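Every number here is computed from the coordinates shown, using simple stated rules; none is lab data. These numbers come from a predicted model, not from an experiment. Here the Cβ positions follow ideal geometry from the backbone for every residue, glycine too, while neighbour counts run over all protein chains shown.
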Amino acid sequence: MHDTLCLNLIKLDLSHNGLSSTKLGSQLQLENLQELLLSNNKIKVLRPEELDFLGNSSLKKLELSSNPIKEISPGCFHAIGRLFGLSLNNAQLTPSLTEKLCLELSNTSIQNLFLSNSQLYRTSNMTFFGLKHTNLTLLDLSHNNLKVIENDSLAWLPHLEHFFLEYNNIEHLFSRSFYGLLNVRYLDLRHSFAKQSISLASEPKIDDFSFQWLERLEYLNMGDNNLPGIKSNMFTGLIRLKHLSLSNSFASLRTLTNETFLSLAQSPLVTLNLTKNKISKIESGAFSWLGHLQVLDLGLNEIGQELTGQEWRGLENIVEIYLSYNKCLQLTSDSFALVPSLRRLMLRRVALRNADSFPSPFHPLRNLTILDLSNNNIANINAELLEGLEKLEVLDLQHNNLARLWKHANPGGPVHFLKGLSHLHILNLESNGFDEIPAEAFKDLLELKSLDLGLNNLNIFPPSVFDNQASLKSLNLQKNLITSVEKNVFGPVFRNLSNLDMSFNPFDCTCESIAWFVNWINKTHTNISELPSHYLCNTPPQYHGFRVMLFDVSPCKDSAPFELFFIINTSFSLIFIFLVLLIHFEGWRISFYWNVLVHRILGFKEIDRQPEQFEYAAYIIHAYKDRDWVWEHFSPMEEKDRTLKFCLEERDFEAGVLELESIVNSIKRSRKTIFVITQNLLKDPLCKRFKVHQAVQQAIEQNLDSIILIFLEEIPDHKLNHALCLRRGMFKSHCILNWPVQKERISAFHHKLQVALGSRNSIH
């Protein structure tokens with residue numbers, strides 16, 4: 001049994017055990033071992049005779065971090081069959097011992113080497129000489145207080161692809177410091193040049209052409225530094241650079257001129273991050289060298305100027321401009337005339353002026369899908385502000401002062417600034433002081449899915465105001481002055497709602513005002529957050545502070561004509577409840593299939609459905625706190641089976657896209673949807689209110705059996721139903737998996753998961 005266990009062992013963790021030696025046996029064993037973790041022990045010497053038990057092993061990772069290593073004996077790493085990854089973080093190696101380490105790694109299979117916080121304060125031309133005859137692709141030298149990278153000292157690393165140098169203290173980057181790094185694609189220099197002590201007499205220096213050797217570099221992060229500025233040849237030679245982050249990087253980059261980014265003229269740059277640099281002005285043609293740029297982030301600066309439009313000259317492929325959180329921006333009709341390709345424009349809290357210019361500053365942006373004008377105290381806009389933006393999907397106008405525009409007493413009548421937005425999905429009008437809504441305010445918003453009118457002063461709604469919002473899924477009316485919820489106003493829009501928030505309104509608990517609403521909330525499956533505590537009666541006095549959901553509607557006159565129907569319905573309900581008890585609470589299944597039948601009747605029947613091509617095998621819904629487990633168990637499955645690809649939020653979500661939009665798109669692009677169910681998921685508000693509902697709603701509407709449940713913990717069915725409106729019986733047995741307690745059953749679990757993933761999305 002012992003031999004079998006050793007033979008099949010893949011990962012062995014012996015960290016924090018006080019071990020003084022790496023010797024775990026005297027014979028060859030552990031031939032399938034991939035990871036050996038020996039961190040935080042008391043190992044001082046690495047000897048070949050203490051590692052020869054790994055002679056037939058192929059280690060992807062040997063973890064020796066946080067050990068007081070003082071000596072590395074010759075041949076110690078050659079005693080291991082094949083060593084691909086070595087971690088010596090927090091090992092206090094010093095430059096001399098690091099040099100010896102590299103010599104011992106010569107002619108090994110090493111690919112990944114981690115030397116973070118190892119007291120490597122300088123590199124010489126001999127430091128990495130021993131790695132010349134290796135295929136090292138990843139090197140981590142972060143947190144070393146590294147001050148000097150001598151010329152040609154990295155020339156021995158021609159195969160390096162990922163280089164981590166963050167959190168160091170480089171005083172001077174020489175023109176040949178990076179010489180030889182021909183294949184580096186990712187370079188992290190965050191907080192590498194920052195002043196970390198007052199002893200530095202001058203600012204850090206970067207020689208011209210220092211990066212010219214990095215011919216294949218695609219991603220460069222130089223955020224959180226203290227650089228004096230960008231010199232004319234600072235980035236010259238980066239002919240494949242696509243992503244550049246310069247967030248909080250400069251001490252005195254106040255003005256962007258047409259020469260600032262000259263050194264990037266030959267770079268196919270796609271994203272540029274310039275946040276937190278105290279930039280106050282953008283001159284004409286500042287980005288004219290960046291013709292391939294798609295995403296430009298200028299947020300959190302001090303820009304205060306009139307945007308003439310010439311600032312964006314040359315940005316022929318720009319998709320997103322982020323200007324939020326700046327000092328003051330004054331618009332003109334030509335502010336964005338030169339960037340018609342723009343899809344996402346963020347102008348939150350920029351003290352926006354002249355938004356009512358004519359023609360509209362946004363008129364040229366026919367491809368715009370996301371526009372954020374929130375937190376600007378905007379009071380004056382005209383009806384043509386958003387005219388022509390037919391592709392707009394997300395509009396944020398919260399925290400402005402638009403109340404006057406919808407008043408009937410407004411000179412010229414109400415301003416219908418939302419007209420023509422037929423593809424708008426999300427509209428946020430929170431905190432605008434609205435106390436009136438025109439009957440045709442939302443007339444053209446036929447595809448609206450989320451509407452936020454919270455924190456206004458709304459009381460009376462025109463009967464037809466929501467007539468065209470049949471697609472609405474989320475409605476927020478919290479903290480208004482609503483006293484009455486009437487069927488002729490809210491009946492149509494409540495029909496398909498998934499989420500409703502009308503909390504903290506002064507409800508008038510009378511038959512005329514809320515009888516229909518009380519009946520609705522006691523029957524609906526719509527998620528109404530904080531219903532018991534935040535929906536209270538304000539009037540009449542005898543009901544003040546009384547829960548709305550407990551209001552007795554039986555005396556209401558409006559229900560008298562339906563008394564017979566009420567009696568029959570009640571009798572039927574009692575009989576139905578009795579039957580449910582007899583069949584052990586399985587009657588809810590009828591309700592589930594009833595919903596499917598309703599969707600078919602309403603037109604969701606499939607006609608000659610053709611096989612769909614999906615980008616992902618499954619989209620994984622999990623709580624934020626469970627992200628490590630998801631990454632640890634699903635990522636290896638992808639590596640093992642190249643045809644299997646999961647949609648993981650932290651990896652696959654497109655940068656800059658609204659999170660809700662990314663969730664909806666990812667579910668549509670995935671063949672299956674996996675719920676990783678834990679107590680954390682039941683408490684995660686985003687999962688409860690949106691993710692789970694979106695996945696289930698799509699499954700019901702498409703009549704597809706595409707959901708897989710993975711239970712990491714024992715969750716009772718009633719808790720699952722209460723938190724997520726799900727039950728195990730809604731899904732086929734092979735789509736319900738339980739994470740095994742015994743490790744030896746994990747392989748069987750993986751097999752079951754692959755069966756579930758491979759099963760056909762059958763019609764209910």
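Things worth noting here:
- Protection-proxy order for peptides 68-74, 154-160, each taking the mean of Cβ atoms within 10 Å per residue, highest first: 154-160, 68-74
- Rounded to whole numbers, the Karplus 3J(HN,Hα) couplings from phi for the stretch 140-156 are 10, 10, 6, 6, 10, 6, 5, 9, 10, 10, 5, 4, 6, 6, 10, 5, 7 Hz, using 6.51 cos²θ - 1.76 cosθ + 1.60 with θ = phi - 60°, and x at Gly and Pro.
- If you plug the beta carbon distance of Asn488 and Ala409 into 1/(1 + (r/R0)^6) with R0 = 22 Å, you get a FRET efficiency near 0.30.
- Relative to one another, the C-alpha centroids of the stretch 292-327 and the stretch 412-444 are positioned 28 Å apart.
- Spin-label pair Val741/Met549, simplified geometry with 7 Å Cα→Cβ offset, distance in nm: 3.5 nm
- Placing R0 at 22 angstrom, the Cβ-Cβ distance between Asp152 and Ser232 gives a FRET efficiency of 0.35 after rounding to 0.05.
- Across Lys242/Lys668; Lys487/Lys683; Lys60/Lys640, pairs whose alpha-carbon gap is larger than 23 Å: Lys242/Lys668; Lys487/Lys683
- Ranked by how many other beta carbons lie within 10 Å on average, peptides 146-153, 243-250 from highest: 243-250, 146-153
- Helix-only mean residue ellipticity at 222 nm for the chain, each DSSP H run of n ≥ 4 adding -39500 (n - 2.57), per residue, nearest 500: -5000 deg cm²/dmol
- Counting every C-alpha pair in the stretch 1-157, the share spaced more than 19 angstrom apart comes to 52%.
- Estimated from the Cβ-Cβ distance and a Förster radius of 30 angstrom, the FRET efficiency linking Asn183 and Thr94 is about 0.60.
- Arg404, Arg240 arranged by Cβ crowding within 10 Å, fewest neighbours leading: Arg240, Arg404
- Difference of contour (0.36 nm per residue) and Cα-Cα distance, Lys70 to Asp207: 45.7 nm
- Mean projected area in nm² (Cα convex hull; one quarter of hull surface) for the stretch 616-758: 8.3 nm²
- Rounded, prolate or oblate (a/c below 1.5 giving rounded, otherwise prolate when a/b exceeds b/c) for the stretch 92-163 by Cα gyration tensor: rounded
- Its relative contact order, with pairs defined as Cα atoms under 8 Å and 6+ residues apart, puts the stretch 616-758 at 24 percent.
- Net charge dipole, the chain: roughly 800 debye, given to the nearest 20, about the Cα centre with Cβ charges of +1 for Lys and Arg and -1 for Asp and Glu.
- When you restrict to C-alpha pairs under 8 Å that are six or more residues apart and normalise by the size of the chain, the relative contact order lands at 4 percent.
- Between the stretch 40-65 and the stretch 117-141, the C-alpha centres lie 20 angstrom from each other.
- For the pair Lys640 and His423, label points projected 7 Å from Cα toward Cβ lie 4.2 nm apart.
- Spin-label pair Ser284/Ser21, simplified geometry with 7 Å Cα→Cβ offset, distance in nm: 7.8 nm
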